[in-house]
Amino acid sequence: MLPTYIEDVSTWLADFHYFEDIKVRFCETDLYGHMNNTVPFIYFEQVRASFMEQHELLGAEIEPGVLALAVIANQHCDYVQQAFYNDTLKVGIKIARIGRASIDMHYVALKDQEIIFTGTSTLVQMNKNTGKSIPWTEAQLASVTETVK
């Protein structure tokens, strides 16, 4: 059963344009070769970091004087089918909603065109010193707005 944030699977999947192939490693599985239920969050992080770097939402925070830091405020995974050791999953990310200081992202993992798991997360840009949210810059918004349908 698919989660409620997916109204029409075909339409939802068609909006994904950024994917990475990720192979399930032995250390990510249990005694029976099933992928551990914590692993999708690592895969989400991997595609999110690459996607964010591509759209200049990640990287500047390590430079001196930069106070903006993007953090995950919420993350969720829906398990649809099992994945196993040595499976190659096509893990995708898309932006579902852009807010003033937050971005909602959706994820999907496919194996042979079948959904293995899906997920959501909310990314919030905050001030490193105060811990309070700060708005995205116009350049950041311009970079990611083109990816939203």
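The values are calculated or read from the model by the stated rules, or taken from the named source; none is laboratory data. Computed from a predicted structure; not experimentally measured. Surface areas here come from the heavy atoms of the whole protein model, side chains and all, with no ligands, DNA or RNA. Shrake-Rupley method; radii C 1.70, N 1.55, O 1.52, S 1.80 Å.
Quotient of the Cα radius of gyration of the chain and 2.2 N^0.38 Å, N being its number of residues: 1.10. Among Asp15, Asp30, Asp104, the largest mean-square fluctuation in a Gaussian network model of the chain (Cα springs under 10 Å) belongs to Asp30.
Helix 39-54 and the longest principal axis of the C-alpha atoms of the chain enclose an angle of approximately 40°.
Which of the lysines could be linked to Lys111 by a straight reach, that is with a Cα gap under 29 Å, when you skip same-chain ones fewer than 8 residues away? Straight-line reach from Lys111, under 29 Å: Lys23, Lys90, Lys94, Lys149. In the context of the full protein assembly, Glu53 retains an accessible surface of approximately 110 Å², using a probe radius of 1.4 Å and ignoring ligands and nucleic acids. Solvent-accessible area assigned to carbon and sulfur over the stretch 16-108 amounts to 52 percent, based on a 1.4 Å probe.
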